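A short worksheet on the structure shown next.
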Amino acid sequence: MRPAKDTVVFSLWRGDERIMGRYGEKASPAIQLAERLQVLLAEYGISTDLHAGDRIALVSLWTDLVVWTDGTCVRWWNGKVSPRTRRLLFTNYNADDLPAAARTLTRRYQVLRSKDHFYGLEAAHVDGSTVEPQ
């Protein structure tokens with residue numbers, strides 16, 4: 001069964017073994033890697049959404065922090081733009097180095113969360129006050 005686009009995927013892991021997943025053993029390598037990343041990020045207290053597509057999976061952490069994978073590596077925009085080419089710069093990790101990717105993502109997540117990072121939207125706080133965008 002091929003996952004529909006923009007489908008939220010949940011799974012449970014015990015150690016490195018998946019014990020329950022929405023797509024079972026037929027999950028694509030991209031979904032399997034994204035699920036492993038979700039588990040690692042949950043250990044750092046970061047909740048994520050997983051969106052499965054055709055041979056690709058996206059893990060959404062925060063505004064401007066979406067990880068995508070094809071099952072062989074994970075990559076995300078690191079928030080920088082090349083001064084020479086004006087292209088976005090990305091961080092890339094192989095699937096074998098997923099724990100290091102999770103640590104790096106955690107640091108990026110903390111940086112973004114420490115800012116009112118909403119690009120033109122008002123950030124509402126629990127007390128009802130708002131922060132004007134700069």
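Please verify whether T48 is of a type in the set (S, T, Y) and closer than 14 Å to A95 by Cα, treating the condition exactly as stated.
no
Hey, among the residues in region 99-125 that are modelled with pLDDT of 95 or more and touching a strand residue (DSSP E or B) at 6+ places or on another chain (Cβ under 7 Å), which one's farthest from A30 (Cα to Cα)?
My answer is T104.
Do we find a residue being in contact with a helix residue (DSSP H, G or I) (Cβ under 6 Å, 6 or more places away or on another chain) and either surrounded by fewer than 16 Cβ atoms within 10 Å (Cβ to Cβ) or at pLDDT below 90 (or both) anywhere in region 33-54?
Yes, that holds for at least one residue.
Would you please list the contacts, defined by Cβ atoms under 8 Å and residues six or more apart or on different chains, that run from a residue in region 90-119 that is aromatic (F, W, Y) and surrounded by 13 or more Cβ atoms within 10 Å (Cβ to Cβ) to a residue that is modelled with pLDDT of 95 or more and part of a strand (DSSP E or B)?
Partner pairs satisfying both residue conditions: Y93/C73; Y93/V74; Y93/R75.
Restricting attention to region 71-89, and to residues there that are among the β-branched types (V, I, T) and surrounded by 11 or more Cβ atoms within 10 Å (Cβ to Cβ), which single residue is nearest to R103 (Cα to Cα)?
Here the answer is V74.
How many residues does region 55-75 hold that are of a type in the set (S, T, Y) and part of a loop (DSSP other than H, G, I, E, B)? Steps first, answer last, please.
At the first step, the residues of region 55-75 found to be of a type in the set (S, T, Y) are 60, 63, 69, 72.
This time we only want the ones that are part of a loop (DSSP other than H, G, I, E, B), so: 63, 72.
Within region 55-75, residues that are of a type in the set (S, T, Y) and part of a loop (DSSP other than H, G, I, E, B) number 2.
The values are calculated or read from the model by the stated rules, or taken from the named source; none is laboratory data. Since the model is a prediction, treat every value here as computed from it, not as a measurement. All Cβ positions, even for glycine, are placed from backbone atoms using ideal geometry, and neighbour counts span all protein chains on display.
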